[in-house]
Structure formats: C-alpha cells, structure tokens
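Colleague: Before I ask anything, here is the structure I am working with.
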Amino acid sequence: MRIVISGIPIDVQKKNIKNMHLQVKPPDGHVVISAPLSVDDKAIEAYVRTQLGFIKRAIAQFQDQPRASKRQYVSGETMYIWGKQYFLVFKPDNQKNRFEIQNQNIILSMSAKSTVKQRDAYVKEEYRKILKEEIEKRLPKWEAQTGLKCDSWQTKYMVTKWGACSTGKKKLWFNLQLAQKPYACLDYIILHELTHLITRKHDATFIAHMDKCMPNWREIRKELNDSRLDYYEAQDESPLQKLIDQSRYDDIRDAAIAYIQEERSGDTKRLSIVDMEIENVIHIEQPEDGVIAFDVIASCDVEMPSASHKGYFNERWLKIHCQVTLGIDMSGFRIMSVGNCEMQEESDNDRLSGELVPIISSDQFEDEAEKFLTRYCPDALDKPMRVPIETIASDMKLHVIEDVPLSDDLTYFGTIIFDNVNVLDKHRKITIRNAKRGTVYLDQRVSYERSVGTKRTTLAHECFHWYRHQPYHVLMKMIGANDNLGRAIQCQIAANTTDSDKWKAVDWMEWQAKGVAPRILMPAKTTCLKANQLLAAYGGIDDASIAAYENVIDEMAELFDVSRQAVKVRLMDLGYSKAEGAYPFVDGQYVRGYSFEAGALGKNQTFTIPYADLFKAYCFDREFKKLIDSGQFVFTDRHLVLNNEKYIVRNQAGNVTLSEYALTHMDECCVVFSKGYSYQSKYQGAKYYTQFMRNAAPVENQVEYSFELNTHNRTLLDQIQNAKRRSEALRKYPGSFAETLVALQKERKLSNKQLADRSLVGEKTIQRLRNDEAYPTSVQTVLALCVGLKLPLPEAEMFLGKTDFKLNSLKGEGYVYQCVMGACAENSIYEINEMLKENGITPLGSDPGLQ
C-alpha cells in the first residue's frame, strides 16, 4: 500500500509485529513504514505526520550526499586506492581477468564483451580483497589500544554509511568504498565502530573515548564525509522480492525457524532466530501456465545456546523454495521446501527476472518461436505455409482493432492491453479511452515496406507479448504499480538501441517480441526447406544469380505473406549470405541488386552505405577521408566503388552508375562497411560530432554504417597506391576563375543552358561569371558548377582555389562538401542536393536572391 503525505510517497508494509517502524532508505530517501496488522490506515497517517520533520531532513540528507558519476570502466577514468589517484587502462583479454597497479595506472583486463555490470562486480571484489588485507592489519592494533574486541567483522558495499556495529553480536561492518579513501579514514571508522561497543549513541561517553584515542578524529570525519560516495542506482530490490518481503515475510520467517529447530530437535536447549532478512529472490521459473516458482535466500541471525549465561550468535543462510499462483494477490503462495544455501543446477523451466520478464537470449529466439507454434499452429513446423496469425490471435481470445491512430507522430505501430486502461502517448495525451483487456490495436498508417511495419508481423509481435509477458503485468498489478505500468505495451517503430545495461523491463520485452515475431511467421525448418527447393531450380544456393535470389524472395514473400525485406533478413539469419545483395533497401528506396564471392562479407558487413553515414565517416574518420580524397572512388547506387571504367558507366548527362560487371563482382571493386548502432558510435567524443548528429537525417533504428581498415579495404587501397594521380597530369588552365570556367565549358562542349541544367546555377549567373563581372556569388554556386562540369577532385580543388572560398573554414559543412566533391560529384545535382538537405546542409546552386 502506498500513501502520500505532504507530497511524499510512503510505502506501508503491514506485518505481524508489535511496534511501528519508519525508515528513510538510500540512495534517494524513499520512505517505508512497517506497521502491525492491527493498526488502521488513519493511525498510520497520524504517525507519519508527527515524523514529517525527521522524514524531510533525512530525505534532504540523502539528496545532498555527493556522489561520483556513473563509472563505465573504460580507459582514462580515474580510480582511487587508499586516497591515491590512478588512471584506469582497460585491456581486452578473453583468457583471464586481472586487476593490477602499474605506476600511476590500474590495469583492468577482462573480455572486450564484458558489460559495465560485470566489470563493476569484478572491481568491487578486488576492492574487497584490498580492504580485508588492511583491516586484518589494523583492527588488532586498535583492539589492543582500546581494550575493546569484536567477535566478528565483515565488508559490505553500503550506499550511505561508512561502517556499522551490531552491539549485541559485537559484529562490525565496513564499507567497501573505504579502500578508496586514505588510511586515516579506515583507522577512524575502525575506532568509531569499536567505540559503539561501549555505547550505542554518539553521546558524551562516545566523544570522550574518541578524543582520548584519536584527538584529530573530527578533521578525519569531515574529510571522509566531504568525499564522494560511488554512483548508486535504486535498483537493489526486484519487484517480486519487494512483494514477498511485504506480504509473505512472516511465512518465510516461520518456515526458517521450523527448519532450524528441526535440525536441533534432539537438543534440549532451544535456539531462536533473533533477526531474519530476505536477501534475494533467485531461480525464478515458470513451470506451468499461471504458476511462478522461485527460491528465497534468507539470512538468519540465530542465538545459539551455550554453557555460559549468555548465548552466542551464528549467521545462517537458507534457501526457501516457493511457488505462487498468479492472481490479484499472493493468496496462492506456498512453501515447497527449505534447505541450506547451495548451488542449484539449471532447470528446463522458463527462467524469469525479478520483474517476471522471461530471460531469453538472441540465440533462443528460434526455440521460442517453435514453442509458440507447437502450441498454436504445429502444422507450420512441418510444411512451408502461411502462418494464420489472425486465427491464432482469435484462438488466444485477442480482439484486434485496426486503423487506430496510436500517436500523432506515428511513433507506435501496435499496442496490446493487459488490463482495462486509458492508453497515453509519450506526451501523456490520451489516445485510446477505456481500452479493454485482451485488445490489440494496430495503426496501419505506419505500415511500410520493412518487416517491422507490416500488419502480420505486428500482430505476431503482439501475440508473443500475450503468450510470454503476462506474468510481468500480473506482478505489476499485485504490487500496486501506478499509472499504466504493466497494463499495456506500446510497440514503437524505432527499436531501443541504447546500451542494454540501461534497459527497463518493457525494453527487454519489446526486444524479445521484435526478435521472435519474424521467426513465428517464417519458422527456420520450413523456411530453409522452401528456400532450398526454389534455389535448386536456379543451380543451388551458391550458384544462383542475384536475379534468381530476388525471384525466390518474391515467391517466398507471397507464400508466407510477409514483405520482401522480411524474407531477405530471414534468409540472411539462416545463413544464405548471398541474399545480402538482393533488393538492397537504402535511404528509403531500392537500389539494384548485386552479387559477390562467397565469404567476402563477414557478420554485420555490407557493401552499401546511406549518404548520411558516408558524410559522417568522411568528417570523423581520417583513414576514410584519405580514401575519398585520393579521387579514386565514386559514390553511386549507395556503394563506394573504384573509379575505373571496368566498374562504372556514364550516361549522356555524365552521371555514373555501376557496370554490369561490378554488380556481379562487388567484392572486387567496392568498399566494405560495418553495421553497428549510433549509440555505440566509434565517432562519439569527436569534435563537432554532437552538432553533426543534430543536423543529420534520422536513421531507422539508429543503425550506423562505418568504415574499418580491414583486410578487404586494405586490398582495395593497395590497388590505387601506385596509380598515377590525375593532379600530376593536370593541364595548366588560364589563371583567372572566369577564363578557367570558359575553358572547362569549351573542353566539355557545354553551353550556358546545358551547364545551368546540370548545376542549377542560373544562365545569367554563369554568363556574369564568364565575363568576370563584379558580381556576388556563393560557395554553393561554385561547387554546383563543379558538379555540372563533372570535375574530378583535383580539378575541383583547382577551380575552387581560384576563388576566395575555403571549405576548411566551414567546419562540419565544409567537410561534407569536400566529401561530395571527392566521391559524389559524378552524381546528378538533384541527388546530391537531396543528400545535403536531408542532413541539414545548404544545397548547391545559385542563391535565388542573387539571380
């Protein structure tokens, strides 16, 4: 239950206890009250109001606590050990994890694929070793000096305290972060916690003892409290663990007491559990529909009988295996077994997270699709067929409503309703009122050629949500989650391609549905069966031409009732690498299909690149800029190809396109690009990168294609290393810009009108420039003339050099213009301007105000 007093949300937990307990918890100061079952809500509210002063002060204290920014564990970050600053150097190593100090550096060696969470966990364990080693040296000295002795001590990662003392158990706790602070800070905390063995409070007795043993303790305390605690996110307790703690704590505690007492049934002296804490909920599984099984890990402080008057305490860790039937509450909860903590073997049941989201890796998508079809359409696993996803939705008792506008900006293509709710868009505007449970809404305005936008793929996507993600919804309802959380899943066109460490439950469910939906409509076994059968008529998988692959894609798209792109992507997923060249879809349009030698492309590699990524690579990759500036490559049909008559042909207007030979030998003449995502861009941090991305054309799913100097691209560069540069054979044109323009037109036999049509520079402007009149012009006009004249890069640089314009003075815009001159100048002026306008760059041609 949650109440709000003076704008402060407060979680109320009713338990079988005698007294009321109020806690303001780290790291953000959220408030929790534990109250006896007999206390009514009004009494709880009255109690909270008497404590408002304390609550507000405590919240302010948490909010004012200085914390470091979130660590990513990459080279260049600063780290501290015993108050000394070091610089982190990350070295990829798949063999062995290492944490070493070398001079001013800390060398962290882990797998390059390790996540931030994995690196953080490893570094914390290294800090634990460092801290323990020092405590073992210093604690005995302070015990000897003070005459105070603890029975035990432990290290723990704490978010608000540097240390703690359990006076009854004489047990001390030390924060792992102390290993980052000077030695004097550790001495202060050791003395501080030992002193609490005399008195629990910071009273006169405490202060006198501290003054006696460490006269400067106040200065050390100030230094410690002024230093920063680590960054911390409030994700320490899963919703399921929170629900168990709130509603079934007493059941867990009673089971733990019964188990421990049963162990000592022959002992005449009874023991008792003084305290129990639910530490974690793990091994969450779904053994059958509507049932969740899990292990509760509990730590118990047990008072053990002894011969002396006073007993001693022992810490026990237990594993309580539980099951619950999903419903509106925890009434279906039952404890199946209790035992000591030990390793548990993997089970064949479906694994779930603490939010009851299925734990599914990408290599399990095929299995998930097969399980779905085994249940709803087993025939699709035996023969190639159109999967009747509409019938399946009906069998699942889903009501499908089409042509519903789900957002003003076409953000969502589908929504599934798990509980009656008003559906809101990202601006908190109601888009659907009184949406009913079990309803699927489709917005066909956003349908487009990509598979994610088709009606059938969207419907398969929503059906998978209903099939696998209902436990999450039920849990959110049981814990009383506010707003729409868990009641509906709105499916966006653009996938969440941010760092997966930052994903929330809904992001993971969306990723799973996007991955499984196309596999439901095109099961692996039957898709391969049909593809092999069709390709056999064209000579087989390896010998079939690209035209044959496109015919096969069309036939399969009709059979399975999905889009061309869905079939192409599915074939590539299943190992038909040659399908990469079929129906290339770039910058919102198809370009001509192509073929290449088997094995020429690796995973996530392609010969195509959108113009936005071409400009980006030129601006921020020095090696790629050198390649373009060589003048030996031409950008055409969304490929970067060697500028050789063997690979390109020119039409009557002088515009270039790929030759038939090039289209069947792409590995021989085209640059290879690597596919990734802009959130992990290799260019991040480069000067002007943020400004460039702000102006760049939006890219579907934040996909980014970048240049790598790999073996293939090095081989291409080797072919042109010894080529004689055109600049060396460049004819000496007359000195002035006007005379050079006249000479170039004459050489190319272009009239003013023809050049105007090719360059979008007005005829009058061209004549004025030829006459060398004192007439204002722009860099866009000069560059447009370079395009109209089809000048290779060295000649374009010469021509521009006869003006007062300098591209390098235009910063990011100038780099894009240079890329156009180096790789795109033999394209039409219309195509070039389309590229420029999409990226927020001024198009080429005359300034209308000057004509």
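Colleague: Going through 793, 810, 750, 744 one at a time, which residue ends up being surrounded by 15 or more Cβ atoms within 10 Å (Cβ to Cβ) and at pLDDT 90 or above?
Modeller: Unique residue meeting the criteria: 750.
Colleague: Does residue 383 satisfy the criteria of being basic (Lys, Arg), under 30 Å from residue 294 (Cα atoms) and not assigned by TED's automatic domain parsing to the domain that holds residue 516?
Modeller: no
Colleague: Within region 136-156, take every residue that is of a type in the set (A, V, I, L, M, F, W, C) and either out of contact with any strand residue (DSSP E or B) (no Cβ under 6 Å at 6 or more places or on another chain) or free of Cβ contacts under 8 Å to residues at least 40 places away in the same chain (or both) and give me the one that is farthest from residue 213 (Cα to Cα).
Modeller: 153
Colleague: Let me ask another. Under 7 Å between Cβ atoms, at least 6 apart or on separate chains: pull out the pairs that start in region 342-371 with a residue that is under 25 Å from residue 319 (Cβ atoms) and end on any residue that is at pLDDT below 70 and surrounded by 15 or more Cβ atoms within 10 Å (Cβ to Cβ).
Modeller: 358/350
Colleague: Let me ask something additional. Output the residues belonging to region 409-434 that are in contact with a helix residue (DSSP H, G or I) (Cβ under 9 Å, 6 or more places away or on another chain), of a type in the set (S, T, N, Q) and at pLDDT 85 or above.
Modeller: Answer for region 409-434, where residues must be in contact with a helix residue (DSSP H, G or I) (Cβ under 9 Å, 6 or more places away or on another chain), of a type in the set (S, T, N, Q) and at pLDDT 85 or above: just 415.
Colleague: Same structure, new question: Only one of 759, 751, 778 is among the polar types (S, T, N, Q) and free of Cβ contacts under 8 Å to residues at least 12 places away in the same chain. Can you tell me which?
Modeller: Within the list 759, 751, 778, the selection yields 751.
Colleague: Show the residue pairs meeting these rules: Cβ distance below 6 Å; 6+ apart or different chains; first residue within region 814-837 and among the aromatic types (Phe, Trp, Tyr); second residue crowded, with 23+ Cβ neighbours inside 10 Å and part of a loop (DSSP other than H, G, I, E, B).
Modeller: Matching pairs, first to second residue: none at all.
Colleague: Next up: Quick test for you: out of 595, 577, 545, pick the one residue that is within 29 Å of the chain's Cα centre (by Cα) and of a type in the set (Ser, Thr, Tyr).
Modeller: Sole residue among the options that is within 29 Å of the chain's Cα centre (by Cα) and of a type in the set (Ser, Thr, Tyr): 577.
Colleague: Determine, yes or no, whether residue 112 is among the aliphatic types (A, V, I, L, M), over 22 Å from residue 83 (Cβ atoms), assigned to a loop (DSSP other than H, G, I, E, B) and in the same structural domain as residue 151 (by TED's automatic domain parsing).
Modeller: Criteria met by residue 112.
Colleague: Another question about this same structure. For region 536-548, which residues satisfy the criterion of being out of contact with any helix residue (DSSP H, G or I) (no Cβ under 6 Å at 6 or more places or on another chain) and in a helix (DSSP H, G or I)? Spell out how you get there, then give the answer.
Modeller: Applying the first criterion (out of contact with any helix residue (DSSP H, G or I) (no Cβ under 6 Å at 6 or more places or on another chain)) to region 536-548 yields 536-537, 539-540, 542-543, 545, 547-548.
Those that are out of contact with any helix residue (DSSP H, G or I) (no Cβ under 6 Å at 6 or more places or on another chain) and in a helix (DSSP H, G or I): 536, 547, 548.
Colleague: Moving on to the next point. Of the residues 172, 191, which single one is buried (at least 16 other Cβ atoms within 10 Å of the Cβ), assigned by TED's automatic domain parsing to the domain that holds residue 131, in a helix (DSSP H, G or I) and not charged (D, E, K, R)?
Modeller: Every option except 191 fails the conditions.
Colleague: Which condition from (1) surrounded by fewer than 22 Cβ atoms within 10 Å (Cβ to Cβ); (2) modelled with pLDDT of 85 or more is the one that residue 441 breaks?
Modeller: For residue 441, the exception is condition (1).
Colleague: Residue check, residue 164 against (1) surrounded by 18 or more Cβ atoms within 10 Å (Cβ to Cβ); (2) of a type outside the set (S, T, N, Q); (3) modelled with pLDDT under 95, all met but one. Which one?
Modeller: Unmet condition: (1).
Colleague: Kindly list the number of the only condition in (1) outside any helix (DSSP H, G or I); (2) of a type in the set (Asp, Glu); (3) closer than 26 Å to residue 459 by Cα that fails for residue 555.
Modeller: (1)
Colleague: Here's another thing I want to ask about it. Which members of region 648-675 meet the condition of being in contact (Cβ under 8 Å) with a residue 60 or more places away in the chain, closer than 18 Å to residue 826 by Cβ and in a loop (DSSP other than H, G, I, E, B)?
Modeller: If the condition is that a residue be in contact (Cβ under 8 Å) with a residue 60 or more places away in the chain, closer than 18 Å to residue 826 by Cβ and in a loop (DSSP other than H, G, I, E, B), then 653, 654, 655, 671 are the ones that fit.
Colleague: What's the total number of residues in region 816-839 that are modelled with pLDDT under 80 and either over 19 Å from residue 637 (Cβ atoms) or assigned to a loop (DSSP other than H, G, I, E, B) (or both)?
Modeller: Of the residues in that region, 3 qualify.
Colleague: Which members of region 596-612 meet the condition of being crowded, with 21+ Cβ neighbours inside 10 Å and of a type outside the set (A, V, I, L, M)?
Modeller: 596, 607, 608, 610, 611
Colleague: Still on this model: Just one of (1) modelled with pLDDT of 90 or more; (2) within 28 Å of residue 627 (Cβ to Cβ) trips up residue 766, so point out which.
Modeller: Here residue 766 clears every test but (2).
Colleague: If only one of 56, 42, 70 is exposed (fewer than 11 other Cβ atoms within 10 Å of the Cβ), of a type in the set (Lys, Arg) and either modelled with pLDDT of 85 or more or over 23 Å from residue 246 (Cβ atoms) (or both), which one is it?
Modeller: Within the list 56, 42, 70, the selection yields 42.
Colleague: Quick check, is residue 298 at pLDDT below 85, part of a strand (DSSP E or B) and among the hydrophobic types (A, V, I, L, M, F, W, C)? Talk me through it step by step, then tell me what you get.
Modeller: Numbers: at pLDDT below 85: yes; part of a strand (DSSP E or B): yes; among the hydrophobic types (A, V, I, L, M, F, W, C): yes.
When the stated conditions are applied, residue 298 passes them.
Colleague: One residue is enough: does region 614-634 have a residue meeting the conditions under 22 Å from residue 563 (Cα atoms), in a strand (DSSP E or B) and not assigned by TED's automatic domain parsing to the domain that holds residue 818? Give the steps one after another, and end with the answer.
Modeller: Of region 614-634, the ones under 22 Å from residue 563 (Cα atoms) are none.
Scanning region 614-634, I find no residue that is under 22 Å from residue 563 (Cα atoms), in a strand (DSSP E or B) and not assigned by TED's automatic domain parsing to the domain that holds residue 818, so the answer is no.
The values are calculated or read from the model by the stated rules, or taken from the named source; none is laboratory data. Because the structure is a prediction, the values reported are computed rather than measured. Cβ atoms come from the backbone with ideal geometry, glycine included; neighbour counts cover every protein chain shown.
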